[in-house]
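Below: the structure, in structure tokens.
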Amino acid sequence: MMAYGADDEMPIIAYMGVPNDQTSHQHFKDFSDCGFNVSLYGYASLQQLIEACNVAQQHGVRILGHCPETHDTPEQAAAALKNNKGFFGYVLQDEPSAAEIKERQKEITRLRSVDDSHCFYINLHPYYADWTLQHTRTRTYDEYLDAAVSTSCRQLSFDYYPVTRDGLRDGWYSNLETIRTKSIKAGIPFWGFVLSVPHAVYPQPTLASLRLQVYSNLAYGAQAIQYFTYWTPQPDKDNDYHDGPVDQQGKKTKTYDLVKKMNAELKTVARLFYGANVRSVRHLGTIAKGTKRQTRMPVNLRSLKISSREGAVISQFEKNGHQYLAVVNKDYLHEMTVSLKLRNDQPRHITKTLTEEPALQNYTLPPGDILLFKLK
């Protein structure tokens, strides 16, 4: 994954970024100003894709895309794209069945014969029990994930939108557990999603609901954060899409500033997680289905307690020889208190600007937010 971006820059991807017929310096400037560095979109021709890459890279953005030529004549398309600085990678398919994944590998093999330096992207279904097995045409979700990791894709991407008008879906953390386990076993990173366009059962996002999705994904080890969407899709009979960060005409909506604020936080905090090794993910308080309770005390702490309606994600990770702790408030509606007792003076609080300061004994964590410590 690190090969796809700057050494310390996590990909922040917009699924449905700037559309193929809206390529302009102003649109890509707005896109970059919102905090994104990768725009995912399908293009009507290779020429349009190349034009978008050339404009995007002038604003610090790269294109994760596809066009008829990347599917029909992949060798020629790869030859035209492989040296383009504004190109991030090839989109093969969104939410395929297991059989379709195997078909996409044939295209990847042809692309790789010319260009093995860019991303090959397949995004997977979430696990919604029988619904998912029906659409993936597999007997188990594990079988579906095995089909994905058997390809030449160097990441495991899946979408799961947990925040609904009725509250948090109870299978989200279980799905994160499954993806994380498969990611570790396969030796490839996973990429998580955040929902930024209201539709159907999904409400208008808040800063807290965005934080919960972003920081839970990071706590589980995600090495890229993807948003669905940046550009608001056209509504259809099943989905009343509205108020994505920009509307169908490309004008900023009330969601734009929310996502911009979230991405400003993410760009800094992600530097701590990008390339890190997440060693343990546990839960305190309410134990979500498919997860495990935090029972062992993190190094250099005597105690770690929370007071919360929904509980917390407790993530322990390593980077550059240091051990870190992340505490995520799983409640996107209410704040949480965190109480620590230290064994020594080694633990340090890490602010969202990555500044170190002495660790306190008590913290109040806003809804959906994250608390970071360097333990050793």
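Counting only DSSP beta bridges with both residues in the chain, the antiparallel share comes to about 55 percent.
By definition, a body whose alpha carbon gyration tensor gives a ≥ b ≥ c is oblate when a/c is 1.5 or more and a/b is not larger than b/c, and the stretch 232-294 fits this oblate description.
Once the mean of 1/r is taken over each pair of separate Cα atoms and inverted, the stretch 199-244 shows a Kirkwood hydrodynamic radius of 12.1 Å.
Per residue of the chain, the DSSP helices (runs of n ≥ 4 H) give a summed -39500 (n - 2.57) that works out to -9000 deg cm²/dmol at 222 nm. Taking the Cα centre of the chain as reference, the dipole from Cβ charges on Lys and Arg (+1) and Asp and Glu (-1) amounts to some 1700 debye.
Structural size metrics of the stretch 61-163, computed from C-alpha coordinates, are Rg and Dmax of 14.4, 43 Å. The translational diffusion coefficient of the stretch 219-324, from Stokes-Einstein at 25 °C and 0.890 mPa s with a Kirkwood hydrodynamic radius over alpha carbon pairs, comes to 145 µm²/s.
Shape class for the stretch 1-93: oblate, because the ratio a/c of the largest to smallest gyration tensor axis (alpha-carbon atoms, square roots of eigenvalues) is 1.5 or more and b/c is at least a/b. On the principal axes of its alpha-carbon atoms, the stretch 13-57 has extents of 27, 19, 15 Å, going from largest to smallest. Couplings 3J(HN,Hα) of the stretch 305-312, computed from phi: 10, 10, 10, 7, 6, 10, x, 9 Hz, in residue order, whole Hz [Karplus 6.51 cos²θ - 1.76 cosθ + 1.60, θ = phi - 60°; x for Gly and Pro]. Multiplying the residue separation of residue 146 and residue 85 by 0.36 nm and removing their Cα-Cα distance gives an extension gain of 18.7 nm.
Springs join every pair of Cα atoms under 10 Å in this Gaussian network model of the chain, and among 93, 346, 361 the largest mean-square fluctuation is at 361. For the chain, averaging the sequence separation of C-alpha pairs within contact (under 8 Å, six or more residues apart) and dividing by the residue count gives a relative contact order of 13 percent. For the options 154, 296, 180, a Gaussian network treatment of the chain with springs between C-alpha atoms closer than 10 Å singles out 296 as fluctuating the most. Ratio of Rg to Rh for the stretch 128-167: 1.06 [Cα atoms; Kirkwood radius as inverse mean 1/r over pairs]. The Cα atoms of the stretch 286-331 cover 34, 22, 17 Å along the three principal axes, with the biggest extent listed first. Note on the stretch 47-87: the alpha carbon radius of gyration divided by the globular reference 2.2 N^0.38 Å gives 1.09.
The calculated FRET efficiency for residue 130 paired with residue 239, based on their beta-carbon distance and R0 = 22 Å, is about 0.55.
Rg and Dmax over the alpha-carbon atoms of the chain stand at 20.5, 62 Å. Applying 1/(1 + (r/R0)^6) with R0 = 25 Å to the Cβ-Cβ distance of residue 26 and residue 94 gives a FRET efficiency near 0.35. The fraction of all Cα pairs in the stretch 176-279 landing in successive 5 Å bins from 0 to the largest distance is 2, 13, 22, 20, 16, 13, 9, 4, 1, given as whole percents. Around the Cα centre of the stretch 134-275, unit charges on the Cβ atoms of Lys, Arg, Asp and Glu (plus for the first two, minus for the last two) sum to a dipole of about 460 debye. Put simply, the amide H of residue 226, placed in the peptide plane, has neighbours under 5 Å in 13, 192, 193, 194, leaving out anything fewer than 5 places away on its chain. Taking the chain as a Gaussian network of alpha-carbon nodes connected by springs under 10 Å, the highest mean-square fluctuation of the residues 315, 152, 117 belongs to 117. Reported value for the stretch 82-224: 120 Å³ per residue, from the convex hull of its C-alpha atoms. Evaluated with a Cβ-only charge set (Lys, Arg +1; Asp, Glu -1), the stretch 315-376 carries a dipole of roughly 240 debye about its Cα centre, given to the nearest 20.
Ranking 23, 128, 246 by Cα position along the charge dipole of the chain, where only Lys, Arg, Asp and Glu carry charges on their C-beta atoms, puts 128 farthest toward the positive end. Solvent-accessible area per residue in the stretch 244-376 equals 49 Å², computed with a 1.4 angstrom probe and all protein chains kept.
Look at the Cα gyration tensor of the stretch 299-376: its axes a ≥ b ≥ c give a/c of at least 1.5 with a/b over b/c, and that counts as prolate.
The values are calculated or read from the model by the stated rules, or taken from the named source; none is laboratory data. No experiment lies behind these values; they were computed from the predicted model shown. Don't worry about glycine lacking a Cβ; one is built from the backbone with ideal geometry, like all the others, and counts go over all protein chains shown. Surface accessibility is based on the protein's heavy atoms, side chains included, excluding ligands, DNA and RNA. Shrake-Rupley method; radii C 1.70, N 1.55, O 1.52, S 1.80 Å.
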